[in-house]
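J.: Okay, here's the structure, questions in a sec.
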Amino acid sequence: MQIKERTATQGIILDVEGDLTYANQGVFKAAVEKAKQTGCRHLIVNLEQVRFVDSAGLGLLVLVSQSFKQLQAQVSILKPQSYVREIMSLANIPKLIPIFEREEDALMARAA
Amino acid sequence: MNSNAMQPTGQAADLSVQPALVATILLVEDEPVTRASMAARLTRLGYRVLEAENGRVGLDVARRERPDLLVVDWMMPEMDGPTFCEAVRRDPLLKSSQLLLMTAHDQPAQIAEGLVRGADDFLSKSASKQEITARVLAGLRTSRLVRELETTGDELKSSMLLLEKKQAETEADLQTAATFVQSLLPPQGSPVHGIALAWEYQPSLTLGGDLFGVMAIDEDHLGLYILDASGHGVAAALRSASLMTFLRGENILQLLGSYDPEKVLFEANRRFPLSADGDYFTLWVGQLHLPTGSLTYASAGHPGALLSSAQSPSRWLTRSSFPLGFDPSARFTNDRLGLKSADRLFLFSDGIYEVPSPSGELWGRDRFQGVIDAEKQTSLSATIAACFSKARGWQQAHHFPDDAAVVGIELTGGPKGTFNG
């Protein structure tokens, strides 16, 4: 898995490529921690290039979202592929973490 | 053996207070005057010198004393220098020794032959004191490095042996734990009259984190569940065993008064929060009313169950819901439907269909469902076996990346002719 970080005025976007799974937890955690250290108020996790998220990956997303909420910050998910969206929907993730199809909408969500 | 053979000459006794610092050199030379002369020169340089008057004696001394450097004459009766070098290289105890071959000649062809036959360096009998010092020091430096490597190698080998022993103990412990966990799984066959049960379970590691139960709650109700722990390994397995204990029929009846799925999930959600590492469970719970075939079920983020009927395509029994621990105040909702005779209910973990092909494409829920539908004419256990076989064929590997379980229940006919069919 590879994660590239982009900084926008309204937050940080993590472009994730590969599978978000138990085996790749460390890479994702490190990228999130780095963003957190910068005082990021809105973390947008771009899953457009992620084919598969397993149960450990889902747990990690929820955990990260909860920890950002405690800091009055927000996590959003961007462009999940259909299978990933299906897995997330089954676990009711959209009720915990907002999901967006367009980057502009995700960025605007926190600004609003 | 010649009396010279084992007697160190020179100042060995004086230097014995610092034995580790005094290098030992074995001098193998048949000609007494040359041997005495060279021994004296080496002794003056501060080394402990052992002497042997021929190759055979030299090998005996070398095996016993493990000298740091062997200085060997080329020309000797019985066993010449190169033959001695070959014998040393063949000897398991001596093969890494440093060998300095003494010669009166320094023809390139002779040097090449000596090197090929096992010598490390050459020393001319007419060499100056400086050259002898330099070549002996070089030989000893290499010898020290080789011995350090051997010591490190020995330490590594013993560490490896220790690790292997520990690993074997851990594996045995895990196997014992796995056997115990497997013993908690329901026996295949007929848990209650009118119900057939078959299952197949392939943990990704020795100890799995996906577990299931099928049990009589009372004479009219059958309780069913399948749980899936996020993550892998011993920690996940222990958490699963803990949830499994909670889900035992008598425990739930004592706590809640019934095996009502939504109440079971509500209570489990309260007791099993998201861990600090993001670990959690998904759980599907069902209760079958045996006299009528009425199934009540609820899910906490679990991919669900599949109902397979003889007359119609299979259907998923699930709805979107939080896994356990995602929301402490989450409520879960029961769904109900009626089962008929010959209907089959499959509980499964997502590990059965979330298997990638070599190109990375997942087998997926649809293909899994396709096998359930295609195999409905075969026996329950054959249908389950086909799911595993197709999944393995898709990923082209026997072992699954995640725990894989499929549990099948078939209504074979009610105790009093119930189950409308």
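The values are calculated or read from the model by the stated rules, or taken from the named source; none is laboratory data. Source: prediction; values computed, not measured. Quick reminder, even Gly has a Cβ in these numbers, built from the backbone with ideal geometry, and neighbours come from all protein chains shown. With ligands, DNA and RNA removed, areas are computed over all heavy atoms of the protein, side chains included. Shrake-Rupley method; radii C 1.70, N 1.55, O 1.52, S 1.80 Å.
J.: Pick from A:Arg41, A:Arg51, A:Arg102: which residue has the top mean-square fluctuation in a GNM of chain A where Cα pairs under 10 Å get a spring?
T.: In the Gaussian network model the winner is A:Arg102.
J.: Expected output is a single nm value to one decimal: the length gained when fully extending between B:Thr378 and B:Val116, i.e. 0.36 nm times separation in residues minus the C-alpha distance. What is it? Kindly include the intermediate steps, with their values, before the conclusion.
T.: Details: separation 262, 0.36 × 262 = 94.32 nm, distance 7.15 nm.
In short, 87.2 nm is gained.
J.: Just report the Cα centroid separation between segment B:99-124 and segment B:24-75, whole Å.
T.: 17 Å
J.: Which far-off residues, 5 or more places away or on another chain, put their amide H under 5 Å from the one on B:Leu27, with H placed in the peptide plane?
T.: B:Leu50, B:Glu51, B:Ala52, B:Val71
J.: Please list the three semi-axes, largest first and in whole Å, of the ellipsoid equivalent to segment A:2-111, using sqrt of 5 times the eigenvalues of its alpha carbon gyration tensor. Before the final figure, lay out each step's value.
T.: Numbers: eigenvalues 71, 46, 36 Å².
Output for segment A:2-111: semi-axes of 19, 15, 13 Å.
J.: Using the Cα centre of the protein assembly as shown as the reference point, and only Cβ charges (+1 on K/R, -1 on D/E), how large is the resulting charge dipole? Debye, rounded to the nearest 20. Can you show the working numbers first?
T.: Numbers: 51 positive and 63 negative charges, 214 e Å.
My answer is approximately 1020 debye.
J.: Looking only at B:Asp210, B:Asp218, B:Asp68, which one moves most when chain B is put into a Gaussian network model with springs between Cα atoms under 10 Å?
T.: B:Asp68
J.: Now a separate question. Mean separation of Cα pairs under 8 Å and 6+ residues apart, divided by the residue count of chain B: what relative contact order is that in percent? Please list the in-between numbers first.
T.: Values: 795 pairs, mean separation 49.8, N = 421.
Relative contact order for chain B comes out at 12 percent.
J.: Moving on. What is the Rg over Rh value, at two decimals, for the protein assembly as shown, using alpha-carbon atoms and the Kirkwood definition of Rh? Let's see the in-between values first.
T.: On the way: Rg = 37.5 Å, Rh = 29.1 Å.
Rounded to two decimals, Rg over Rh is 1.29.
J.: Can you tell me what share of the DSSP beta bridges in the protein assembly as shown is antiparallel? A percent to the nearest 5 is fine. Provide the component values of the computation, followed by the final result.
T.: Details: 58 of 89 bridges.
Around 65 percent antiparallel, to the nearest 5.
J.: For peptide A:49-59, how many partner chain Cβ atoms fall within 10 Å of a residue's Cβ, on average? Don't skip to the answer; put the middle values down first.
T.: Numbers: counts 0, 0, 4, 5, 0, 8, 20, 10, 2, 7, 12.
Average neighbour count from other chains, rounded to a whole number: 6.
J.: In addition: Rounded to the nearest 500, what is the 222 nm mean residue ellipticity of chain B from helices alone, with -39500 (n - 2.57) per DSSP H run of 4+ residues and division by all residues? Write out the running numbers ahead of the final one.
T.: On the way: 12 runs with 167 residues, N = 421.
It comes out at -13000 deg cm²/dmol, rounded to the nearest 500.
J.: Next question. Springs between alpha-carbon atoms under 10 Å, Gaussian network over chain A: tell me which of A:Ala31, A:Ala23, A:Ala73 tops the mean-square fluctuations.
T.: Residue with maximal mean-square fluctuation among A:Ala31, A:Ala23, A:Ala73: A:Ala23.
J.: To continue, here is another question. List the accessible area buried at the contact between A and B, summed over both sides and calculated with a 1.4 Å probe, in Å² to the nearest 100.
T.: Working: alone 6180 and 20270 Å², together 24570 Å².
Adding both sides of the contact gives about 1900 Å².
J.: Can you tell me the Rg and the Dmax, both Å, for the Cα atoms in segment B:185-411?
T.: Cα radius of gyration and Dmax of segment B:185-411 are 16.6, 50 Å respectively.
J.: Shape of segment A:1-56 from its Cα gyration tensor (a ≥ b ≥ c, root eigenvalues): rounded if a/c is under 1.5, otherwise prolate when a/b > b/c, or oblate? Let's see the in-between values first.
T.: Details: a/c = 2.42, a/b = 1.64, b/c = 1.47.
Here segment A:1-56 falls in the prolate category.
J.: Largest first, please: the extent of the C-alpha atoms of segment B:302-417 along each principal axis, to the nearest Å.
T.: That gives 50, 43, 21 Å along the principal axes, largest extent first.
J.: Additional query: Taking every alpha carbon pair in segment B:5-155, what does the distance histogram look like in 10 angstrom bins from 0, in percent?
T.: 12, 45, 36, 7, 0
J.: Need the list of aspartates and glutamates near B:Lys165 for cross-linking: C-alpha distance under 14 angstrom, and skip anything on the same chain fewer than eight residues off.
T.: Hits, sequence-local ones excluded: B:Asp173.
J.: Could I ask something else about it? Please report Rg (one decimal) and Dmax (integer) in Å for the Cα set of chain B.
T.: My reading of the Cα-based Rg and Dmax gives 38.9, 113 Å.
J.: Still on this structure, I have one more. Give, in whole angstrom and from largest to smallest, the semi-axes √(5λ) of the equivalent ellipsoid of segment B:148-204, with λ running over the eigenvalues of the Cα gyration tensor.
T.: On the way: eigenvalues 440, 17, 4 Å².
In descending order the semi-axes read 47, 9, 5 Å.
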